1. In nm, to one decimal, how far is the modelled label at residue 189 from the one at residue 87, with both set 7 Å along Cα→Cβ?
2. Size of region 55-208 along its principal axes in angstrom, Cα-based, largest extent first?
3. Between residue 131 and residue 155, what's the calculated FRET efficiency when r is the beta-carbon distance and R0 is 22 Å? Round to 0.05.
4. Shape call for region 41-104 from the C-alpha gyration tensor, a ≥ b ≥ c root eigenvalues: rounded (a/c under 1.5), prolate (a/b greater than b/c) or oblate?
5. Report the label-to-label distance for residue 40 and residue 54 in nanometres (one decimal), using points 7 Å from each Cα along the Cα→Cβ vector.
6. If you average the alpha carbon positions of region 54-98 and of region 143-208, how far apart do those two centres end up, in angstrom?
7. How big is region 74-148 along each principal axis, measuring the range of its Cα positions in Å and listing the largest first?
8. What is the calculated FRET efficiency for residue 171 to residue 68, with r their C-beta to C-beta distance and R₀ = 30 Å, to the nearest 0.05?
């Protein structure tokens with residue numbers, strides 16, 4: 001994801017306040033068109049076209065899923081990039097084919113980013129972690145801790161910017177913090193005797 005200058009971001013947000021608005025700090029960015037707040041000719045045009053509105057709804061849903069699995073830096077970059085895209089889209093000036101092309105290109109990009117995460121949003125919790133039961137990655141433990149809860153283990157992972165995944169021994173509360181995930185090693189091991197481990201991956205750091 002490319003970076004743009006903060007001044008450009010501020011200008012874009014000011015000009016496009018009807019469409020890009022942080023609802024509440026904890027809710028993040030609103031990626032959906034609000035036709036009641038349309039303030040440009042192109043926004044009004046999109047709101048009058050059922051096909052473009054469907055495209056906007058689909059892009060909004062996909063954007064919500066991607067945003068949910070990004071870390072703070074990724075969220076900020078996505079917000080900046082989205083503001084830039086909105087400015088380019090509004091240059092279409094009531095042209096259906098231009099708008100449709102903009103939506104198609106952006107939707108394909110967001111779908112590709114979701115595919116690269118290797119962690120569908122539906123499988124990832126609000127904390128950014130996904131879980132694969134009865135599985136683990138052998139031979140890559142960077143740090144290990146005994147007698148912890150999984151929440152404390154996750155907190156340790158978040159404090160290490162290199163941490164991509166955790167193997168957690170349910171019975172012992174043993175936490176194994178790792179700089180790799182399934183995407184790096186090819187596959188998880190699922191045949192540990194007694195199946196003591198659950199594997200947790202931190203989605204925002206996959207393929208980033």
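None of the figures in this text is laboratory data; all of them are computed from the coordinates on show. Please read all numbers here as calculations on a predicted model, not as lab measurements. Counting neighbours? That spans all protein chains shown, and the Cβs are built from the backbone with ideal geometry, glycine included.
1. Each label point is offset 7 Å from its Cα along the Cβ direction, giving 5.1 nm.
2. Computed over the Cα atoms, the extents are 62, 28, 21 Å.
3. On the way: r = 16 Å, r/R0 = 0.71.
Working from the Cβ atoms, E equals 0.90.
4. prolate
5. 2.5
6. Region 54-98 and region 143-208 have Cα centres separated by 32 Å.
7. Largest first, region 74-148 extends 61, 22, 21 Å along its Cα principal axes.
8. 0.45
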